[in-house]
Amino acid sequence: MDFTIPEEIQDLLRQIDQFIEDEIKPLEQQDDNMRFFDHRREFARTDFENGGTPRKDWEDLLAEMRRRADRAGFLRYALPTKYGGKGGTNLGMAIIREHLAAKGLGLHNDLQNESAVVGNFPTVKMWERYGTDAQKKQFLDGMFSGETRVAFGLTEPDHGSDASWLETRAIRDGDDWVINGQKRFNSGLHNATHDLVFARTSGEEGKPKGISCFIVPVEAEGFSVDFMWWTLNMPSDHAEVTLSDVRVPADAMLGAEGDGLALANTFTHENRIRQAASGVGAAQYCINESVKYANKRITFGQPLSTRQAIQWPLAELQTECEMVRNLVYKTAHELDSTHHMEISDKVAMCNYRANRLVCNAADQAIQVHGGVGYTRHMPFEHIYRHHRRYRITEGSEEIQIRRVAQVLFGHGRPR
């Protein structure tokens, strides 16, 4: 067994670091763009008068970062070559995402938007596997040209993790489908052109079969964005949506009728392992900053780092960080050579443990830094607020643990 990071990935990390220093850091510093990352970040990013949605100048800055990263050949690293990518591996993406998050807050890797110089495009596999040729051309090409922006509507007011019980219904009417229902935390709807709406078209409640996915234009009659949910970490793009007799043609269905939840699960394992890697990186950043502060902070005539009350919690976190990092790398490597359902329990382990780890590390960093750690002049509250959501979204940690238990005890779905 060789645990050395492959040389080609080490080379890529060096190239990325140089690119960040040459192009991204100067962009971050110009025109007071630091307002988006320092103590003003939440207010600079949020249009409080427009429902708490992201400000245009904030999203314009992220778009410029992505354009530069794309020109430099980094943004599409993980995509297939036919989409301008390099066919990057899951292991490569895990190492890169950890590396970027370990640098702390900055334009190179914005936690809140999952926007980084090396992009994460989890829906590409979904479009590629289930989309028609016309859908691929419109939405895959449109993703990079900016002509189409697709939101994701699965969760409902009364159904989150229990997605097989969702109440939104679609009924066939001639050549069309008519959709009625509600969606909650519908991601990306502040600027989307279309929404992926999951609705039951057949089958029994509680059964995954019978739920279908529809590509719904946000301008469709009867499609209403009622309000944006104001979240722990602002700004928000999470909408409450009502669909009242929304009519779409039959070719607006993505994938086969009744297979919507299988479609939704297409990208979850890759996305979960990448989130886990970012969590490890952000946790390591919190630990590193706490150690630096404890070494230089003098209390009662001695460095704070001489106190076991400070040493031991950080030593525990560093130990867990090392363990989770190695599990993430191992699982990412296996994703490159094994069907994802064969190791779904390992992906679940990585995801929920990394999410807990980074929340605990951010909380401890606040504690080590004392009063100043509690301020917005330090990055730890932002790191905590961002990563706290991943203990709920993308499959709550209870759902992740449930998957581990299913495999462990042989209950429920097989591997």
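The values are calculated or read from the model by the stated rules, or taken from the named source; none is laboratory data. As the structure is a prediction and not an experimental result, all values here were calculated from the model. Neighbour counts are summed over all protein chains in view; Cβ atoms, including those assigned to glycine, are modelled from backbone coordinates with ideal geometry. Surface accessibility is based on the protein's heavy atoms, side chains included, excluding ligands, DNA and RNA. Shrake-Rupley method; radii C 1.70, N 1.55, O 1.52, S 1.80 Å.
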- DSSP-loop trypsin sites (Lys or Arg not before Pro) across the range 199-262, with at most 15 other Cβ within 10 angstrom: Lys209
- Item | Relative contact order of the range 66-180, defined on C-alpha pairs under 8 angstrom at six or more residues apart (%) | 15 percent
- Task: Restrict the search to the range 12-58; then list the trypsin sites (Lys or Arg not before Pro) that DSSP places in a loop and that have at most 16 other Cβ atoms within 10 Å of their Cβ.
- Result: Arg40
- Item | Debye, to nearest 20: dipole size of the range 217-371, +1 on Lys, Arg Cβ, -1 on Asp, Glu Cβ | 1320 debye
- Taking the chain and dividing mean pair separation by its residue count, relative contact order in percent (alpha carbons under 8 Å, at least six apart): 15 percent
- Give me the log10 of I(q) over I(0) for the range 252-348 at q = 0.17, 0.18, 0.22, 0.24 Å⁻¹, as the Debye formula computes it from C-alpha points; what are the numbers? -0.81, -0.86, -1.05, -1.14
- Message: If you fit an axis through the alpha-carbon atoms of helix 268-296 and take the longest principal axis of the Cα set of the chain, what angle between them do you get, 0 to 90°, nearest 10?
- Response: 20 degrees
- Given the peptides 331-337, 83-89, arrange them by the average over their residues of other C-beta atoms within 10 Å, most packed first. 331-337, 83-89
- Query: For the range 321-347 and the range 16-86, what is the separation of their Cα centres, given in Å?
  - Reply: 29 Å
- Residues Ser161 and Glu21, FRET efficiency given R0 of 45 Å [Cβ-Cβ distance, rounded to 0.05]: 0.60
- Note on the structure: Relative contact order of the range 47-89 (C-alpha contacts under 8 Å, at least 6 apart) in percent is 19 percent
- Total charge dipole magnitude, the chain, about the Cα centre, Cβ charges on Lys, Arg, Asp, Glu only, Debye to nearest 20: 1180 debye
- Name the trypsin sites (Lys or Arg not before Pro) in the range 263-324 that are in a loop by DSSP and that have at most 14 other C-beta atoms within 10 Å, would you? Arg307
- Mind checking which lysines have their C-alpha under 26 Å from Lys296, skipping anything on the same chain fewer than 8 residues away? Lys103
- Mind giving me the nanometre distance, one decimal, between the label points for Ala134 and Ile298, set 7 Å out from Cα along Cα→Cβ? 7.5 nm
- For the Cα atoms of the chain, what angle does the longest principal axis make with the long axis of helix 7-19, in degrees from 0 to 90, nearest 10? 80 degrees
- Item | Accessible area of the chain belonging to carbon and sulfur atoms, whole % at 1.4 Å probe | 52 percent
- Message: So, for the range 187-244, what is the accessible surface per residue at a probe of 1.4 Å, expressed in square angstrom?
- Response: 41 Å²
- Query: Could you give the nm distance between label points at Arg389 and Ser224, where each point is 7 Å from its Cα heading toward the beta carbon?
  - Reply: 2.5 nm
- Message: Once each part is reduced to its C-alpha centroid, what is the distance from the range 121-160 to the range 210-277 in angstrom?
- Response: 9 Å
- Note on the structure: Helix 56-71 sits off the longest principal axis of the Cα atoms of the chain, rounded to the nearest 10 on a 0 to 90 degree scale, by 80 degrees
